[in-house]
Amino acid sequence: MYRGFNLDVDGADLSSYVSHGKEIHELNKAQVKNKLDSFNNDKGDLLASKMIANWFPAIETDVFLSHSHKDADLAIGLSGWLNIEFGLTSFIDSCIWGYSEKLLRMIDDKYCYQPSTKTYNYERRNKSTSHVYMMLSTALTKMMHSCECIIFISTPRSISPKNSIESEGETDSPWIYSEIAMTSLIQKRSPKEHRERTMVKSSIAMDSLNESLQVKYDVDLSHLTLLTAADLNAWYKSNQKTSSQSLDALYNLK
């Protein structure tokens, strides 16, 4: 990661880019192979590194998009805009998240289900969930580290402002909280370092799957540079259309 941005999309119309964004989204999803059966070794143990490798294949992207699942169309539209106007590639988290549910079901059916009661063992189910989520969190952090630019799409669906959109707020998504926290902790690397290496890149933003359990996390956004719809328009008018030059134009703008 080199720079992180807190994007307020109010006033930005990305609807005409959604169809192209969906094409990119589907191509990325197609690269996430369904190889769950190969996640067991000959002893029946689960191979964490192999799971992570299959969840996050070698998809090289320029921008990590963090967003609420309720803002999926916004994220897809933004990815289409970035690609058409600047030649930038983005990775959206929903390419990956559905596979964690399938993996959890596979593990729980094999290790946690109790045929005698037709229920799942509570302690084992907690253990399986913690393992899967920890592996996913680790993989997400690696992806954020490898992307040059991270954009968090800030809307009332993702962040409830406490003071202002530029400083802090609350979220009920543990994944958004984790990702924003990681942007302040992971090592910052120069654009040159990013562009001289062939790296795995991706974008994500995960949301709580349990709609009934509401937990609020305080989120500090002060380290992310604020972007607005006006900034996006100014960036578009910079006429820097190659991927590396376009990112440099954004950095110079803000």
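Read the figures in this text as sums done on the coordinates, not as results from a lab. Keep in mind the model is a prediction, meaning the values are calculated, not measured. Backbone-built Cβ (ideal geometry, glycine too); neighbour counts: all protein chains shown.
Note the full-extension length gain between Asp73 and Glu60 as 0.36 nm times their separation in residues minus their Cα-Cα distance, in nm to one decimal.
Numbers: separation 13, 0.36 × 13 = 4.68 nm, distance 2.16 nm.
Answer, rounded to one decimal: 2.5 nm.
Could you list the trypsin sites (Lys or Arg not before Pro) in the range 116-160 that lie in coil according to DSSP, counting only those with at most 12 other Cβ atoms within 10 Å of their Cβ?
Sites meeting the loop and neighbour criteria: Lys118.
Multiply the residue gap between Arg189 and Met106 by 0.36 nm, knock off their C-alpha separation, and tell me the result in nm, one decimal place.
Value of the extension gain: 26.1 nm.
Considering only Cα-Cα distances, which of the following residue pairs are longer than 22 Å: Lys102/Lys127; Lys192/Lys241; Lys192/Lys254; Lys70/Lys127?
Correct reply: Lys70/Lys127.
For Val9, which sequence-distant residues (separation of 5 or more, or a different chain) have an amide H within less than 5 Å of its own amide H, given hydrogens modelled in the peptide plane?
Counting only residues 5 or more places away or on other chains, the set is Ser154.
Step through the residues of the range 227-242 one at a time and calculate ³J(HN,Hα) from phi using the Karplus curve (6.51 cos²θ - 1.76 cosθ + 1.60, θ = phi - 60°), rounding each to whole Hz and writing x for Gly and Pro.
10, 10, 4, 5, 5, 4, 5, 5, 5, 4, 7, 6, 6, 9, 9, 7
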